[in-house]
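Q: Mind looking over this structure? Questions follow.
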């Protein structure tokens with residue numbers, strides 16, 4: 001009913017403006033001054049349509065995070081009579097869908113930050129400024145700000161949640177001291193690791209100083225550098241790891257299944273596996289920041305990617321002001337805390353860490369500690385698209401025995417040549 005009334009008011013305003021425009025005997029500036037108060041009084045709420053895309057889990061029914069927050073946004077913004085156009089799109093799928101037709105894509109959508117370069121190059125992601133930029137800079141740690149910062153220094157989204165991985169383990173097998181070092185763990189229990197998944201594979205190269213596109217992951221000219229002697233030694237460590245009788249490659253859910261059955265005692269993933277693991281292990285389930293690995297008598301820290309799940313605004317939005325306000329509202333500490341309460345998604349906003357439920361959640365604490373202490377920046381530039389397949393193949397060749405002590409340096413050099421010739 002509110003939208004119908006608003007439409008009638010807008011029609012009335014339009015007719016009034018037509019009538020005013022017929023008074024040609026008055027000076028133009030006088031007409032405008034006289035017409036403005038009447039038009040403002042008659043306008044009422046501005047009719048806007050906002051197209052929003054979010055993951056399915058956030059909108060299963062009216063009690064889920066997205067519908068709840070959209071209703072609150074309407075209450076907070078009575079100046080708008082909003083028609084919602086809601087669609088399903090996972091964060092990991094956003095770039096592939098949006099870039100096909102940015103003009104027809106959502107005004108506001110969630111995306112994984114590694115897709116930022118693709119979205120920007122497609123003209124589908126707005127740069128933040130003014131109070132919106134200040135919100136990001138004030139609400140989240142610099143690690144998160146970096147995840148949505150592009151090569152031009154601009155910030156292109158509101159970080160909502162961390163996007164990284166850590167280690168799950170069975171507390172009946174490993175102590176808190178054991179899980180600090182991978183070599184120690186391999187002596188006491190079975191460890192599953194996704195050696196041929198390139199989101200994980202290069203952790204050992206990162207641990208010894210390997211880099212992707214410079215320190216912030218946004219310098220395409222710097223390329224990918226795994227060329228040091230230590231990286232060659234890390235390759236040899238990976239060979240030994242894969243040959244260890246207490247190693248199991250985690251593929252197609254092997255790790256989760258083994259943890260539930262008790263045949264695997266530690267695995268590497270993120271909070272998405274908590275429900276399945278906790279159902280089976282209960283109080284025996286523990287999680288920790290990635291361990292170190294010992295190589296030639298020296299300990300090196302395994303490192304995961306520091307990424308984020310963010311909310312972006314499409315610069316093609318028909319109502320850009322309302323779209324930006326909505327994105328900022330959803331990504332506010334209140335919005336992130338609501339998402340945590342309704343969907344158990346770890347919030348990025350620093351203020352949320354003071355919430356009692358957040359402070360008592362051991363998974364949230366681990367994920368936050370991982371982001372702060374054992375990560376490298378996940379590159380956001382489009383050149384990163386060249387990374388995934390060659391690194392995956394390197395891991396596969398470790399597993400199938402094609403990479404050996406004798407040829408690991410040669411194979412690593414060949415992988416780097418492929419990465420850097422394709423990525424630039």
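The values are calculated or read from the model by the stated rules, or taken from the named source; none is laboratory data. Treat the numbers as computed from the prediction; the structure is a model and nothing was measured. Virtual Cβ from ideal backbone geometry, glycine too; neighbours counted across all protein chains shown.
Q: Would you pick out the residues in the stretch 235-247 that are in contact with a strand residue (DSSP E or B) (Cβ under 8 Å, 6 or more places away or on another chain) and more than 23 Å from residue 208 (Cα to Cα)?
A: 246
Q: Can you tell me which residue in the stretch 368-398 is farthest from residue 148 (Cα to Cα), limited to those that are in a helix (DSSP H, G or I) and in contact with a strand residue (DSSP E or B) (Cβ under 6 Å, 6 or more places away or on another chain)? Can you show your working first?
A: Start the filter on the stretch 368-398 by keeping residues that are in a helix (DSSP H, G or I), which leaves 368-373, 382-386, 388-398.
Next, from what is left, pick out any that are in contact with a strand residue (DSSP E or B) (Cβ under 6 Å, 6 or more places away or on another chain): 370-371.
On the way: 370: 18, 371: 15 Å.
Filtering first and then ranking leaves 370.
Q: Among the residues of the stretch 340-362, count how many are in contact with a helix residue (DSSP H, G or I) (Cβ under 9 Å, 6 or more places away or on another chain), surrounded by fewer than 18 Cβ atoms within 10 Å (Cβ to Cβ) and in a helix (DSSP H, G or I).
A: The number of residues fulfilling the criteria is 8.
Q: At pLDDT 95 or above and touching a helix residue (DSSP H, G or I) at 6+ places or on another chain (Cβ under 7 Å): is that true of residue 399 in this structure?
A: In short, yes.
Q: Hey, another quick one. Does the stretch 340-372 hold any residues that are under 15 Å from residue 287 (Cβ atoms) and more than 18 Å from the chain's Cα centre (by Cα), and which are they?
A: 360, 361, 362
Q: Test residue 232 against the stated conditions and say whether it is outside any helix (DSSP H, G or I), modelled with pLDDT of 95 or more and over 21 Å from residue 146 (Cα atoms).
A: no
Q: Looking at (1) crowded, with 23+ Cβ neighbours inside 10 Å; (2) touching a helix residue (DSSP H, G or I) at 6+ places or on another chain (Cβ under 7 Å); (3) more than 30 Å from residue 235 (Cβ to Cβ), which one does residue 307 not meet, given that it meets all the others?
A: Here residue 307 meets the rest and fails (3).
Q: Counting only residues that are touching a strand residue (DSSP E or B) at 6+ places or on another chain (Cβ under 6 Å) and either part of a loop (DSSP other than H, G, I, E, B) or over 15 Å from residue 114 (Cβ atoms) (or both), which one in the stretch 211-229 is modelled with the lowest pLDDT?
A: Of the stretch 211-229, the ones touching a strand residue (DSSP E or B) at 6+ places or on another chain (Cβ under 6 Å) are 211-212, 216-217, 224-225.
When the remaining residues are screened for being either part of a loop (DSSP other than H, G, I, E, B) or over 15 Å from residue 114 (Cβ atoms) (or both), the result is 211, 216-217, 225.
Values: 211: 95, 216: 83, 217: 88, 225: 95.
Checking each candidate, the answer is 216.
Q: Identify, please: which residue in the stretch 50-70 is touching a helix residue (DSSP H, G or I) at 6+ places or on another chain (Cβ under 7 Å) and assigned to a loop (DSSP other than H, G, I, E, B) and is, among those, farthest from residue 107 (Cα to Cα)?
A: Result: 64.
Q: Kindly indicate whether residue 239 is buried (at least 19 other Cβ atoms within 10 Å of the Cβ) and at pLDDT 95 or above.
A: On the way: buried (at least 19 other Cβ atoms within 10 Å of the Cβ): no; at pLDDT 95 or above: yes.
Taking the combined requirement at face value, the residue does not satisfy it.
Every residue, every condition in (1) within 30 Å of residue 163 (Cα to Cα); (2) modelled with pLDDT of 55 or more; (3) surrounded by fewer than 13 Cβ atoms within 10 Å (Cβ to Cβ), yes or no:
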residue	(1), (2), (3)
8	no, no, yes
16	no, no, no
35	no, no, no
53	yes, yes, no
69	yes, yes, no
75	no, yes, yes
91	yes, yes, no
102	yes, yes, no
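Q: Here's something else I'd like to know. Of the numbered conditions (1) assigned to a loop (DSSP other than H, G, I, E, B); (2) over 22 Å from residue 283 (Cα atoms); (3) in contact with a strand residue (DSSP E or B) (Cβ under 8 Å, 6 or more places away or on another chain); (4) modelled with pLDDT of 95 or more, residue 176 fails exactly one; give the number of that condition.
A: (2)
Q: Separate question: Sort out which residues of the stretch 141-160 are assigned to a strand (DSSP E or B) and surrounded by fewer than 24 Cβ atoms within 10 Å (Cβ to Cβ), and write them in order of number.
A: Within the stretch 141-160, the subset assigned to a strand (DSSP E or B) is 149, 155, 158-160.
Correct list: 149, 155.
Q: When you scan the stretch 258-268, how many residues do you find that are out of contact with any helix residue (DSSP H, G or I) (no Cβ under 7 Å at 6 or more places or on another chain) and crowded, with 16+ Cβ neighbours inside 10 Å?
A: Going through the stretch 258-268, the residues out of contact with any helix residue (DSSP H, G or I) (no Cβ under 7 Å at 6 or more places or on another chain) turn out to be 258, 261-263, 265, 268.
Those left that are additionally crowded, with 16+ Cβ neighbours inside 10 Å: 258, 265, 268.
The total comes to 3.
Q: If you take just the helices (runs of 4 or more DSSP H) that sit entirely in the stretch 71-140, which of them hold at least 3 residues that are touching a residue at least 60 places away in the same chain (Cβ under 8 Å) and over 14 Å from the mean Cα position of the chain (by Cα)?
A: Numbers: elements: 94-98, 116-121, 130-139.
Qualifying helices (runs of 4 or more DSSP H): 130-139.
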